[in-house]
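Taking it in order: structure first as structure tokens, then the write-up.
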Amino acid sequence: MTVFAHSGGGGGFLAGKQVFPVNYEAEVSRRLLEASHTNDLTLALECIADPFVDVNFVGDVCLKVRKAEVVTHDELPNEVRIIYEEFKTDVTALFLAAHNGNVALVRKLLSTGADVNHKLFRGFPTTSAVREGHLEILEMLVKAGSSQQACEEALLEASCHGHARIVEVLMESDLIRPRIAIHAFFTACCRGYVNVVDTLLKLGVTVNATNRVLLQSSKPSLHTNVDCTALVAAIVCRQVSVVRLLLEAGAKTDGPVQLGAWSWDAASGEEFRVGAGLADSYAITWCAVEYFEASGAILQMLLQRLDSCTTLSGRTLLHHAILCGNAGAVSVLLKCGAYVESPVITTRNIEFRPIHMAARLGFSSVLKCLIEFGCDLDARTDTGDTALMISARFKREECLKVLTRAGADFGLVNVAGESAISIAVSNRWKLSFQGAVLEVIQSGKVPKSSNASVFSPLLFVARSRDLLSLKALVGRGEIDLDSQDDQGFSAVMITAAEGHVEGFRLLVYAGANVKLQNKSGETAITLCALNTNHDRFEKVLLDFALEQDSRNAAGFYALHCAARCGDLDAVKLLTTRGYDVNMSNGDGYTPLMLAAREGHGRTCEFLISCGARCDMKNAMGETALSLARKMLKNEAERVILDELARKLVLTGAQVKKHIKGGKGSPHMKVLTMVEAAGILRWGKSSRRNVVCQEAEVGPSLRFQKMRLRKGDAELPGIFRVITSKNKEVHFVCEGGSEMAALWLVEIMQMESSSSINVVQTYNRSAAIGFAVIFVHYLRLTAESEVDGSFSLRLVPPTLVAAEKEEAKAVLTLFLKKQGLSNALAARAINRSESFIEHLVSRLHSVHKSRYLVGRELTTLEIRDALIPYLEALHEEYGSILVDVVESFPNPPVVEKIEETVEKVPIPVTPASPPSAVLDSKKLKALARVTDIGPTGKLPPHILYLVELGMDIERIRVITRKFPAFAYYSLEGKIKPVVEFLLDLGVPRSQIPTILSKRPQLCGISLSDNLIPTMTFLEELGVDKEQWAKVIYRFPALLTYSRPKLKATVDFLYEMGLSAECVSKVLTRCPNIISYSVEDKLRPATEYFRSMGVDVGVLLYRCPQTFGLSIEANIKPATEFFKDKGFSMTEIATMVSRYGALYTFSFAKLVLKWEFFLTMGYPRTELVKFPQYFGYSLEERIKPRLAIMTDKGVRLLLNQMLSLSEDAFNKALEKKLQKLIDS
């Protein structure tokens, strides 16, 4: 019915109002829907009473509906989770009343003709009632004539929600077809509704019926429709109670199941994961294993009815449980009688057992289970592999830990002679293997090894440099601290070779024998000496000797070490224990020599008081005095000089005595000093006994005049004394001015209580010691090859030149600190070439061991060595230090110096020796490379390098450049680094090139430097796949310290680069690490910023630009472009667009610019496309310009150069066609 309504207001009917039609029937029916939705019975009844209402009206409402959702869990039953969904859908009043459970409204609607079989999107009214669990309403709807379809749909809904009573009502309605009942039966089985399953079974559903059902599982992953029985469905869904009910109801267990996800080759035993349901069919127990339920109840129920030893293609249930990674299933099977050692049977007689499968697949929990049930830990495959070897081969870290803890044997080898550790190394898995074994050792378990030559826990830990693991082993009684490997290395030798000081300390104090020799004849002591940390190793041995009073360290001399270190307390303690102060060490040095060399005056004084002899010489002919004189200011020299002078004067010596002021002929006398009386004596007469009043080196003026005609007025070795009676006596001693100075020193000391007056230059040291020290410095420099002292000839000339510059810088800085202006300091440096050479020579003497092993000094080390020395000189000479420096090696020219210091001819020594002269260390190193051992073979480390792909000549070239390379041990240095590089993915063929570029890599500690460096780079995001290329391109990257790396990285972050960009920069341009942040990167950054360049973008695109010199490269290029008319803004644009612009040589820029001027392009084209400078003139620019000229067309500069050959030709044709068309 249609009525008319108006918009309101007064007046007559419809007067002046808008009139519109209203569908009243729809309106009242809509109100009925709303009343049913809100459960408003009163309003609903009013609407139903309206004669115009349509009780079957369909309208949309926002409906909140109950939903049963299946959630899967690993090895746990599928769970039904109830959720509520709210959405807009079409409904009728009866559907809403049934949904809300409004019995009265449903009854009223049915009585007024509501259609009980009206199907909507969300089902029938019966479906709605079942979904919400309204049994009474369902019964009313069924009695009201619900159709078969409505009842069947309601049954399926009831099986999804687990309403057993509703299922019973619907089944008794006789409206349910058997196939629908079976489907509901399967749904209830999958969801675990035991009551529903039981009801359906009682109402006639066949327990062994098959149906296509959706099966879901998370482990293994399954979501597919499968034809199966209800028992299989319940097993897959892990519904324990349902499985029990079905088995009790007589469910069959002998049918094949098509749900397997694994297949395998019967010939080789190799497994393939083909996907759930795609493998060959198997028995239901195999299904229960693959879809194992955590409690094991399902598998146990089936095994009570079926045999656990059934096989399939040579495998048993146990093998299948391992393949599926179900440790619980393995445990259940073993408890039920499965044989833990049952082998896999293949047609090719390939043999492996359950433990091998578990190790290969990486199932540590399965391994634990097998071990608990007593499997053979060291069972072998047909190739001789054990589970331990398989874990290493397939990189199964957790399995390796489990087997190690259980006691698997590391000492076994397979048919190919491989052990577990050798397999890990060849498989580039050494670091992870090492970490896993060390973790087990730290937990208190010692790895088992039946063959120490194959694997020794102690040697393994020593090589790993892990102190905690070493402590865990050393304290155990069954560990032999002195076991040696095939090369004769013991644990203490390995720690010495590796530079692991704390490990060395631990082993020494635990009683390790440092006397043992390896096959090369080296001991722990000699290996310590080759290490850069040899001082720290010696300190360990010294501390041990002091604490334990042990003298069993063959090759280590405790007293010598204490003397060299200047540890006076230790020296005193050792001498009281009977150590011989005059014993020579392996190099012929006595404790006094070592103390003198290091400048320890108090130690020398004590040793001399204990009887140390000053006249002993080492194998190179050096004495304590000559060693002391290697340092300019050395208190030890003064002590030794005093002792030598005392002995000289007290024992006496032959001298020539001049009489009558030089008028007569000199004659020989034995000159002595009577210590007790302080009397100088020659001859036996008392008249020859005099008390000296004054003593002086050199002749008097009167004596010089007298002897001038004789020609011996300036003889070296002249000294004179003036007696208390004012009588002048001249003597000439053998040994020149130095010996004269010794006489003078002791005469002064003996007569100190008398009124003797010794003429001094500045003080006692300056008068006597100054001349003697410098004379002997020059003598030692000139005769360095004779007495064996360290000379500049041992150091490469290029290094000497670099160190001279470093020494000049240090001296300049020091002089400026003393108040000198820049000009005065520079002038002093220019005049002190000899003193600079002396400073360099001092460096070489102090750090002799560093040079012998091929290590260069850093700038900081050079400063640390020279600054204290310069400060000591400044303290002694004060304001005349500059004169000392400039006049070196001569004394400074001051008043009376010519009278008090004898002039000595200065031998000239060349600054650098002839290049043809090879130093002995280099010769020894080269000889070591080709030395044939007792076995008739080259040294092991050389053979290893040859096998690696390096020929002998290449090794010799490396050794010439870096002699220490020949002394690196195979096991301690070279092999670990090579294996480390292999682990990083560096191809074996590239390693010889890397070692040639940077042989120092072999001398760097893995644990302290290399591994932390790579870890740091990995944390930054540097692509692991690119590591091999990065290292091959720039092997020096590994030699930089972490602070150096961090400084560069922090700078990149400071410039605004993201972590990802930083990692890419380091990958593409690793040599940016070599650029100094303060000297290179930051100045370049400031310069480019001043130009207006986005520094962050430029750093990312072309980091190598920042390694250029501003003065030599960057500024000239900028000025070049400015001269050609480019503004600074245009130059900045060009640099931003093409970061490599400044990396080209100035000559190339000029050449390409001049050619550009002939091309006819405007200058703006270069601003748009600065990449022009990166293309070859002959191969790209000129040929393409010629082609364009021939065709009479012109492309943009970037089109001309950047397009590929085909694209370039197409662009030309297109341009030509346009010209023709126009």
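The values are calculated or read from the model by the stated rules, or taken from the named source; none is laboratory data. Note that the coordinates shown come from a computational prediction; the quantities given were computed from them, not determined experimentally. Because the Cβ atoms are built from the backbone with ideal geometry, glycine has one as well, and the counts that use them run over all protein chains shown.
Below are the figures for this structure:
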| read-out | value |
| --- | --- |
| Enumeration of residues in the stretch 643-658 that are modelled with pLDDT of 75 or more, crowded, with 20+ Cβ neighbours inside 10 Å and within 15 Å of residue 681 (Cα to Cα) | 655, 658 |
| Number of positions in the stretch 235-269 that are among the polar types (S, T, N, Q) and farther than 18 Å from residue 286 by Cα | 2 |
| Residue match in the stretch 597-604 (condition: crowded, with 21+ Cβ neighbours inside 10 Å, in contact with a Gly (Cβ under 8 Å, 6 or more places away or on another chain) and either assigned to a strand (DSSP E or B) or in the same structural domain as residue 739 (by TED's automatic domain parsing) (or both)) | no |
| Residue in the stretch 1116-1130 that is among the hydroxyl-bearing types (Ser, Thr, Tyr), under 24 Å from residue 1056 (Cβ atoms) and surrounded by fewer than 17 Cβ atoms within 10 Å (Cβ to Cβ) present | yes |
| Residues of the stretch 391-448 that turn out to be within 24 Å of the chain's Cα centre (by Cα), basic (Lys, Arg) and in a loop (DSSP other than H, G, I, E, B), as a count | 3 |
| Filter result for the condition that a residue is out of contact with any Phe, Trp or Tyr (no Cβ under 7 Å at 6 or more places or on another chain) and over 29 Å from residue 966 (Cα atoms), over 486, 580, 535, 482 | 580 |
| Residue match in the stretch 373-388 (condition: within 30 Å of the chain's Cα centre (by Cα), among the aliphatic types (A, V, I, L, M) and not assigned by TED's automatic domain parsing to the domain that holds residue 460) | yes |
| Number of the exception - residue 1067 against (1) free of Cβ contacts under 8 Å to residues at least 24 places away in the same chain; (2) farther than 28 Å from residue 497 by Cβ | (1) |
| Cross-chain or 6+ apart pairs with Cβ under 7 Å, the stretch 370-386 first and at positive phi, then assigned to a loop (DSSP other than H, G, I, E, B) | 374/340; 384/414; 384/415 |
| Members of the stretch 1137-1159 that are farther than 10 Å from residue 1117 by Cα, part of a loop (DSSP other than H, G, I, E, B) and not polar (S, T, N, Q) | 1138, 1159 |
| For residue 113: the one exception among (1) under 25 Å from residue 189 (Cβ atoms); (2) in contact (Cβ under 8 Å) with a residue 40 or more places away in the chain | (1) |
| The lone exception for residue 218 - which of (1) touching a residue at least 60 places away in the same chain (Cβ under 8 Å); (2) in contact with a helix residue (DSSP H, G or I) (Cβ under 8 Å, 6 or more places away or on another chain) it fails | (2) |
| Residues satisfying the stated conditions in the stretch 1188-1212, i.e. of a type in the set (A, V, I, L, M) and in a helix (DSSP H, G or I) | 1188, 1197, 1200, 1201, 1207, 1211, 1212 |
| In the stretch 1054-1070, residue modelled with the lowest pLDDT [restricted to those that are in a helix (DSSP H, G or I) and hydrophobic (A, V, I, L, M, F, W, C)] | 1059 |
| Residue in the stretch 165-173 that is among the basic types (Lys, Arg), in a helix (DSSP H, G or I), closer than 23 Å to residue 149 by Cα and modelled with pLDDT under 95 present | yes |
| Residues of the stretch 1033-1058 that turn out to be touching a helix residue (DSSP H, G or I) at 6+ places or on another chain (Cβ under 7 Å), surrounded by fewer than 16 Cβ atoms within 10 Å (Cβ to Cβ) and within 14 Å of residue 1100 (Cα to Cα), as a count | 2 |
| Evaluation of residue 301 against (1) in a helix (DSSP H, G or I); (2) closer than 23 Å to residue 339 by Cβ; (3) of a type outside the set (Phe, Trp, Tyr); (4) within 51 Å of the chain's Cα centre (by Cα) (one fails), failing number | (4) |
| One residue from 372, 290 being among the charged types (D, E, K, R) and modelled with pLDDT of 90 or more | 372 |
| Residue within the stretch 699-710 that is closer than 16 Å to residue 744 by Cα, at pLDDT below 75 and among the aliphatic types (A, V, I, L, M) present | no |
| Residues of the stretch 1098-1135 satisfying the condition of being without any contact (Cβ under 8 Å) to a residue 40 or more places away in the chain, assigned to a helix (DSSP H, G or I) and among the hydrophobic types (A, V, I, L, M, F, W, C) | 1106, 1110, 1112, 1114, 1117, 1120, 1121, 1128, 1134 |
| Residue match in the stretch 909-921 (condition: modelled with pLDDT of 70 or more and surrounded by fewer than 15 Cβ atoms within 10 Å (Cβ to Cβ)) | no |
| Residue identified as of a type in the set (Gly, Ala, Ser) and under 60 Å from the mean Cα position of the chain (by Cα) among 162, 145 | 162 |
| The stretch 329-363: number of residues that are at pLDDT 90 or above, small (Gly, Ala, Ser) and either in contact with a Phe, Trp or Tyr (Cβ under 6 Å, 6 or more places away or on another chain) or more than 21 Å from residue 261 (Cα to Cα) (or both) | 2 |
| Near pairs, Cβ below 8 angstrom, 6+ apart or cross-chain, from the stretch 954-976 (charged (D, E, K, R)) to any residue that is not in a helix (DSSP H, G or I) | 971/485; 971/487; 971/489 |
| Index of the failed condition, residue 629 passing every other in (1) over 30 Å from residue 482 (Cβ atoms); (2) surrounded by fewer than 18 Cβ atoms within 10 Å (Cβ to Cβ); (3) basic (Lys, Arg); (4) modelled with pLDDT under 80 | (2) |
| Options 540, 581; residue that is buried (at least 18 other Cβ atoms within 10 Å of the Cβ), more than 38 Å from the chain's Cα centre (by Cα) and β-branched (Val, Ile, Thr) | 581 |
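Residue by residue, here is whether (1) touching a Pro at 6+ places or on another chain (Cβ under 8 Å); (2) β-branched (Val, Ile, Thr); (3) assigned to a loop (DSSP other than H, G, I, E, B) holds:
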{"site": "947", "(1), (2), (3)": "no, no, no"}
{"site": "954", "(1), (2), (3)": "yes, no, no"}
{"site": "971", "(1), (2), (3)": "no, no, no"}
{"site": "985", "(1), (2), (3)": "no, no, yes"}
{"site": "1007", "(1), (2), (3)": "no, no, no"}
{"site": "1010", "(1), (2), (3)": "no, no, no"}
{"site": "1015", "(1), (2), (3)": "no, yes, no"}
{"site": "1027", "(1), (2), (3)": "no, no, no"}
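Residues checked against (1) surrounded by fewer than 17 Cβ atoms within 10 Å (Cβ to Cβ); (2) more than 25 Å from residue 276 (Cα to Cα); (3) among the aromatic types (Phe, Trp, Tyr):
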residue	(1), (2), (3)
313	yes, no, no
337	yes, yes, no
348	yes, yes, no
354	no, no, no
374	yes, yes, no
380	no, yes, no
390	no, yes, no
396	no, yes, no
405	yes, yes, no
